[in-house]
Amino acid sequence: MPSALANELKHAIGGRLTNMYGPTETTIWSSTFDVESGKEISIGKPIANTQIYIVDKNLNQLPVGVAGELLIGGDGVVRGY
């Protein structure tokens with residue numbers, strides 16, 4: 001979510017704004033992040049019964065801050081993924 005959009009939405013709703021992320025192969029959303037003014041916006045932390053991993057092209061887990069591919073696991077992932 002771009003910060004300009006977040007600021008506009010927060011002003012319009014006058015309350016709590018949550019960024020919710022989820023690709024098609026998972027149920028509705030997989031992670032949430034409460035947007036606060038002046039803070040970088042992310043996809044947040046996984047919801048209950050969900051795991052999120054950042055991996056390289058060989059599916060090795062990467063350390064925090066290193067760019068890679070996003071893998072989501074848990075109860076909300078559709079069969080076959």
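The values are calculated or read from the model by the stated rules, or taken from the named source; none is laboratory data. Keep in mind that this is a model prediction, so the values were computed, not measured. All Cβ positions, glycine included, derive from the backbone under ideal geometry; neighbour counts span all protein chains shown. These area figures cover heavy atoms from the full protein model, side chains too; ligands, DNA and RNA do not enter into them. Shrake-Rupley method; radii C 1.70, N 1.55, O 1.52, S 1.80 Å.
Things to note:
- Among the residues of the stretch 45-81, the ones that are among the acidic types (Asp, Glu) and not in a loop (DSSP other than H, G, I, E, B) come to 1 in all.
- The residue that is least open to solvent (accessible area, probe 1.4 Å), counting only those in the stretch 45-63 that are over 14 Å from the mean Cα position of the chain (by Cα) and either of a type in the set (D, E, K, R) or modelled with pLDDT under 90 (or both), is Asp56.
- Failed condition for Glu25, given (1) touching a residue at least 12 places away in the same chain (Cβ under 8 Å); (2) farther than 23 Å from Val77 by Cα; (3) within 18 Å of the chain's Cα centre (by Cα): (2)
- Within the stretch 9-44, being exposed (fewer than 12 other Cβ atoms within 10 Å of the Cβ) and part of a helix (DSSP H, G or I) holds for His11, Ala12, Ile13.
- Among the residues of the stretch 41-69, those identified as touching a residue at least 24 places away in the same chain (Cβ under 8 Å) and within 25 Å of Leu9 (Cβ to Cβ) are Ile41, Ile43, Gly44, Pro46, Ile47, Thr50.
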